[in-house]
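Just below is one structure, and these are the notes that go with it.
The values are calculated or read from the model by the stated rules, or taken from the named source; none is laboratory data. Given the structure is predicted, the values throughout are model-derived calculations rather than measurements. Don't worry about glycine lacking a Cβ; one is built from the backbone with ideal geometry, like all the others, and counts go over all protein chains shown.
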């Protein structure tokens with residue numbers, strides 16, 4: 001395709017990146033890392049499916065402190081605005097988590 005002067009064909013890597021992005025957005029489990037945003041007194045997403053070995057990172061975008069706790073598995077310190085907490089999920093299963101400061105905030109991670 002010749003096109004107008006200065007026109008360049010998209011590189012194969014650009015197509016691959018677009019396809020990967022669309023596949024990931026279609027609900028495929030995350031494999032290398034995933035993020036949960038804490039904002040408006042909610043975890044977003046509240047339910048996440050990942051593959052074993054994935055590290056999940058929580059980022060607090062609220063003006064209030066929050067925690068991320070899953071029973072005896074993990075417990076963050078209080079996260080101020082902009083603070084993060086990460087945990088690597090190595091075993092398949094379903095893991096519930098909660099903010100112990102605001103117990104109405106909860107979520108679930110499913111590890112495949």
Subject >> Among the candidates 81, 100, residue that is over 13 Å from residue 34 (Cβ atoms) and touching a residue at least 24 places away in the same chain (Cβ under 8 Å) >> reply: 100
**OP:** Could you tell me whether any residue of segment 59-73 is under 16 Å from residue 35 (Cα atoms) and under 13 Å from the mean Cα position of the chain (by Cα)?
**Re:** yes
**OP:** Could you tell me whether any residue of segment 24-39 is over 12 Å from the mean Cα position of the chain (by Cα) and modelled with pLDDT of 95 or more?
**Re:** yes
